[in-house]
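Structure first, then comments.
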Amino acid sequence: MPVKISELERITGVPQSTIRYYVKEGLLPRPTKVNKSMAYYDESCVERIALVRELQEKRYYPLSVIKNIISRMDNGISLPSLISLEDAIFRPRTEGEQPLMSRQEFVAASRIDKGLLDTAEKLKILVPYNRGAAKPYNQEDVQFAKSLMRGNKELGIDIRDMTFYIQYGEKIVEEELKLRKKIVAGKSKSDNIRITVTLSEQADELRGYILRRLFQSRVKEMMEKLPKKE
């Protein structure tokens, strides 16, 4: 049964302004207007709002991610499959709660120099988790910012000398996506998601393992070439 926005507010506990914002962002279907001052919302909005709040409050997903989940659900993909996909690709690598932060909160938490932050974001070395939102940063961004500060202050590293990570990282990601496209060709939606989850998890392992072993091998070679004490 269609409901008025006042009734939707009473049932869900979500303010009317937030409900209208969800509609604007595509999280809820547009209401049916009876006249200029009267509109009715589909009763499915009650469950949809509950889902949005749960994904925000329990999984700390930003609205952009929730919108993608809802869109795919509307195309017949199950919620558990979509959560597995989002977690595999977007799950932060830091433990504990992941509340999002404004720029001011992020600077206070990480203590990063604002000039260094501006440069890091301009060079796309630091990429906020929810870029473009009012609260784009999470705890993973904080930990990375602290690492940048340590390298800059303690080792004197010019952040501009680190752009090779972006240059070669983009090539690696491009090849990973080519591999995914090859493997999922002709597969069903459910198989596509399952394969993408597995590939994402394996890619994380491969990047860390291979680069770590390459670095260890090179350092070992360098150490063996050092002159020995007589």
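Throughout, read-outs are computed from the coordinates displayed, never taken from laboratory work. These numbers were taken from a predicted model, which means no experiment stands behind them. A quick note on method: Cβ atoms are made from the backbone with ideal geometry, for glycine too, and the neighbour counts reach across all protein chains shown.
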### Message
Give me, ordered by chain and number, the residues 5 or more places off ALA39 or on other chains with an amide H under 5 Å from its own placed amide H.
### Response
ILE5, VAL34
### Task
For LYS36, go through the lysines and keep the ones whose alpha-carbon is under 30 Å away, minus same-chain ones fewer than eight residues off.
LYS4, LYS24, LYS67
### Query
What ³J(HN,Hα) values, in whole Hz, does the Karplus curve 6.51 cos²θ - 1.76 cosθ + 1.60 give for region 188-200 when θ = phi - 60°, with x put for Gly and Pro?
6, 4, 5, 5, 4, 5, 4, 5, 5, 4, 4, 4, 5
### Task
Straight distance only, please: which lysines reach the Cα of LYS178 with their own Cα at less than 23 Å, same-chain residues fewer than 8 apart left out?
LYS124, LYS187, LYS189
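Of the GluC sites (Glu not before Pro) in region 45-136, which ones lie in a loop per DSSP and count no more than 15 other C-beta atoms within 10 Å? Each step should come with its number before you reach the end.
Numbers: sites: GLU47, GLU54, GLU57, GLU86, GLU95, GLU97, GLU105, GLU121; in loops: GLU95, GLU97.
Those that pass, being in a loop and sparsely packed, are GLU95, GLU97.
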### Task
Within 10 Å, count the other beta carbons around each residue, average over each peptide in 73-79, 62-68, 110-116, and list them highest first.
62-68, 110-116, 73-79
### Message
Contact order normalised by length for the chain, with contacts defined as Cα pairs under 8 Å and 6 or more residues apart; what percent is it?
### Response
15
## Note on the structure
When SER71, SER44 are ranked with the fewest other C-beta atoms within 10 Å first, the list becomes SER44, SER71
### Summary
Measuring from its Cα centre, the chain shows a charge dipole (+1 at each Lys and Arg Cβ, -1 at each Asp and Glu Cβ) which, in debye to the nearest 20, is 420
### Summary
FRET efficiency (GLU7, ARG103; Cβ distance; R0 41 Å; to 0.05) is 0.65
### Query
What are the aspartates and glutamates whose alpha-carbon lies under 16 Å from the alpha-carbon of LYS171, with same-chain residues fewer than 8 places away excluded?
ASP204
### Task
Would you tally the net charge around LEU199, using a Cβ to Cβ cut-off of less than 9 Å, leaving LEU199 out, and scoring K and R as +1, D and E as -1?
-1
### Summary
Expected vector for region 22-32, Karplus 3J(HN,Hα) from phi with 6.51, -1.76, 1.60 and θ = phi - 60°, integer Hz, x for Gly and Pro, equals 4, 5, 4, 7, x, 7, 10, x, 5, x, 8
### Message
Using Cβ counts within 10 Å as a stand-in for footprinting exposure, how do GLU9, GLU154 rank, fewest first?
### Response
GLU154, GLU9
### Task
Rank-order 125-135, 199-209 by packing density, defined as the average count of other C-beta atoms within 10 Å over each peptide's residues, highest first.
125-135, 199-209
#### Entry: For region 125-142, Karplus couplings with θ = phi - 60° (6.51, -1.76, 1.60), whole Hz, Gly/Pro x
7, 10, 10, x, 4, 10, 3, x, 8, 5, 10, x, 9, 10, 5, 5, 5, 4
### Task
Select from SER84, SER17, SER217 the residue whose mean-square fluctuation is largest in a Gaussian network model of the chain (Cα-Cα springs shorter than 10 Å).
SER217
### Summary
Given a Förster distance of 30 Å, the FRET efficiency implied by the Cβ-Cβ spacing of GLU25 and LYS189, rounded to the nearest 0.05, works out to 0.80
